[in-house]
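The structure appears below as C-alpha cells.
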Amino acid sequence: MPLQHTLRPYQVEVGRAILDSVLNRKGLTFTVEMARQGGKNELSAQLEVLLLTLFMAQGGNIVKAAPTYVPQLLHSILRLKDRLTEAGYGGLWRKEALNIFCLGKARQVFLSAEPSARVVGATAHILLEMDEAQEVGKEKFYKEFRPMGASTNVTTVLYGTPWDGDSLLEEVKTANLEQERADGIRRHFRYNWQAVAEHNPLYLAYVEGEQRRLGEDHPLFRTQYLLLPAHTGGGLFSLSQQAQLQGQHPRQRTPTPGVTYVAALDVAGGVNDGDGLADQGDGNRDSTVLTIGELDFAAGDPASGEPQVRVVEHRWWTGVSPAALHPQLLDLARLWRPRRLIVDATGMGQGTASFLERALGGMVEPFVFTAGSKSRLGFDLLATVNSGRLKAYAPDGSREHQELWRQLERAEAHLRPNRGLAFGVAAAKGHEDFLMSLALLVQAARYLPRVARGRAKEAVGVG
C-alpha cells in the first residue's frame with residue numbers, strides 16, 4: 001500500500017468500518033462528513049486500491065459516482081492512478097475504458113451522477129461510493145445508483161458536507177443516526193475542522209485564516225468547515241450583521257486627496273436576477289445607483305492584505321435612461337478617479353459599460369449577472385460584512401441612506417443546489433439597486449493582486 005500519503009487516525013477509523021462491511025458482506029450504508037481538505041478523497045482512493053488488490057483474483061466492480069465528471073470524477077481518476085502506481089502496480093493496472101480501470105479481474109468504474117447521465121445497467125459488486133452526495137439528486141440516487149448493489153447487498157458510502165438540510169446526504173445521514181440508536185452499529189462519521197486540525201498544524205493555521213476572512217456564520221464556512229447546514233431562507237443579513245455594517249464615518253460629496261477609491265454602478269434596466277429571486281419586469285425597478293468606496297488598508301485584514309471598504313458616497317437616478325446619464329457618469333469617474341469601477345453590463349447596462357470602458361480604459365470592468373456570478377457576488381458580500389471590512393457611512397437623513405438600509409433590511413437569501421446562493425429583494429418588497437451596487441463595490445475593492453489561496457490549500461490537506 002502507498003506510504004507517501006499516510007492516513008490519519010480519523011481516516012483509518014472510517015476505512016476500517018467500510019472494509020469490515022465489505023469483507024463480511026454486511027451491506028451497510030455509511031455517511032462520511034469531513035471538513036474541506038480533511039482527506040476524504042485520499043481515504044477513498046486508498047480504500048479503492050486496497051479493495052482492488054483484495055479482489056483482483058475474484059473480480060467485481062467498485063462503482064464511484066460524483067455530481068459531475070469534470071472536475072470531480074476526473075480528480076478521483078487521477079488520484080487513483082497515482083495511488084495504484086505508488087503501490088507498485090504501475091505495470092499491472094490497465095485502462096479498460098475512459099472511466100474503467102482494472103487490476104486483475106477487479107474493476108473501478110467511475111460514473112457521473114449528473115441528471116442527464118445514463119448509468120442504468122452497471123453493477124456494484126464490491127463497493128458503491130457517492131462523492132459530494134449533498135449535490136446528487138435523490139431521484140437519481142434511488143432510481144439509478146442504489147439498485148446497482150441490490151443483487152450483491154453492496155456496501156455503500158456517501159461522502160460530502162452539509163448544505164441546506166434537505167439534501168440526499170442529509171436524508172441518508174438522518175436514517176443512519178436512527179439505525180445507530182437502534183442497533184449500536186456506527187454508520188455516520190463526522191470530522192469537522194477542529195478534528196482535522198488536531199493532526200495538522202498547517203491546516204489549523206489555514207482554517208483560522210478562513211474563519212477570520214469569511215466569518216463563522218458564512219454559509220461556506222458553516223457547511224465546509226463546521227459541518228453544519230447553512231441557514232436557509234429568510235434575511236440575507238442578521239441583526240448582528242446589519243450592526244456590523246453600520247459605520248461611523250461621514251458621507252463625502254467630494255474626494256479627499258491621497259485617498260484610494262473604488263466604485264460600482266448598478267444600471268437601470270439591467271436584469272440582474274440571474275437566480276430568479278426577484279422579478280425585474282414590474283416597470284418600477286428603474287434606478288441607476290453609483291456607490292463610491294474608500295479603501296483603508298490600515299484597518300483591513302493584515303493576514304490577507306484586504307482593505308476595509310468604507311462607503312462614502314451614493315448617486316441615485318430614477319426614471320432616467322442609462323444613455324442620458326453617460327456624461328454625468330463620466331464626470332463623476334473623472335472626479336473620484338477610482339482605481340476600479342465595476343459596471344453592471346447585463347441587459348441595458350451593456351451599452352453603459354461599453355461607453356465607460358471606451359472613455360476610461362482599464363479602470364472599468366464590466367460585470368454580467370448570471371446565477372453563478374451573482375452567487376459568488378453574494379458569498380463575497382457576506383464574507384466582507386462578517387469580517388468587519390465593509391462599513392456604510394453614518395446616518396445623514398438623506399434619501400440615499402434610508403433607501404440603502406431599507407434594501408439591506410429587506411434583502412433575502414435562499415440556498416440553491418450545487419452550493420449556490422440566490423439573494424436580492426423580492427419585487428413585492430421594493431428595490432435592490434443599492435444592494436447590488438454595494439455587492440459590486442466589494443468586487444471592485446478586490447482590484448489588488450492577491451496571493452493565490454490554492455497553494456495554501458495544497459499545503460495543508462490531503463483532500
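Just so it is clear, none of the values below were taken in a lab; they were calculated from the coordinates. In this text the structure is predicted, and so the values were computed from the model without any measurement. In this analysis, Cβ positions are derived from the backbone assuming ideal geometry, glycine residues included, and neighbour counts consider all displayed protein chains.
The range 144-158 and the range 358-433 have their alpha-carbon centroids 44 Å apart. All other residues whose Cβ lies under 14 angstrom from that of GLY160 are scored, Lys and Arg at +1 and Asp and Glu at -1, for a net of -2.
Taking the longest Cα principal axis of the chain as reference, the axis of helix 40-54 is set at about 20 degrees. Panel order for ARG118, ARG410, ARG337, by other beta carbons found within 10 Å of each beta carbon, from fewest to most: ARG118, ARG337, ARG410.
Dividing the mean sequence gap of close Cα pairs (under 8 Å, 6+ apart) by how many residues the range 9-191 holds gives a relative contact order of 31 percent.
Each of THR384, THR85 has some number of other Cβ atoms within 10 Å of its Cβ, and from fewest to most they run THR85, THR384. The P(r) of the range 9-191 has a tail past 27 Å containing 20 percent of all C-alpha pairs.
How big is D, in µm² s⁻¹, for the range 215-444 by Stokes-Einstein at 10 °C and 1.306 mPa s if Rh is the Kirkwood radius over C-alpha pairs?
Calculated translational D: 90 µm²/s.
From its DSSP helices (H runs of at least four residues, each -39,500 (n - 2.57)), the chain gives a residue-normalised ellipticity at 222 nm of -10500 deg cm²/dmol. Each DSSP beta bridge with both residues in the chain is either parallel or antiparallel, and the antiparallel ones are about 45%. Seen against the Cα atoms of the chain and their longest principal axis, helix 371-386 is set at about 80 degrees. The charge dipole of the chain, taken about its Cα centre with unit charges on the Cβ atoms of Lys, Arg (+1), Asp and Glu (-1) only, comes to about 1080 debye.
Amide H contacts of LEU228 (H built 1.01 Å from N, in plane; Pro and chain starts excluded): THR223 sit under 5 Å, all sequence-distant by 5 or more or on other chains. For LYS143, a cut-off of 29 angstrom between C-alpha atoms picks up these lysines, skipping any fewer than 8 places away in its own chain: LYS26, LYS40, LYS64, LYS95, LYS105, LYS173. With both residues required to sit in the range 256-415, DSSP beta bridges show an antiparallel share near 65%. The trypsin sites (Lys or Arg not before Pro) of the range 1-41 that meet both conditions, a loop assignment by DSSP and at most 14 other Cβ atoms within 10 Å of the site Cβ, are ARG25, LYS26.
Among (i) 4, 21, 32, 24, 12, 5, 1, 0; (ii) 4, 19, 25, 20, 15, 11, 5, 1; (iii) 4, 17, 23, 19, 14, 9, 6, 4, 2, 0, which one is P(r) over Cα pairs in 10 Å bins from 0, in percent computed from these coordinates? Read-out from the structure maps to (ii).
Computed log10 I(q)/I(0) for the range 9-56 at 0.17, 0.23, 0.24, 0.25 Å⁻¹: -0.51, -0.89, -0.95, -1.01, from the Debye equation with unit scatterers placed on every C-alpha and solvent omitted. Shown here is the pair-distance distribution of the range 12-99: with all Cα-Cα distances grouped in 10 Å bins from zero up to the longest one, the shares run 13, 48, 35, 3 percent.
Short-range pairs are left out: with C-alpha atoms under 8 Å and at least six residues apart, the relative contact order of the chain is 17 percent.
Between the range 1-52 and the range 246-260, the alpha-carbon centres lie 55 Å apart.
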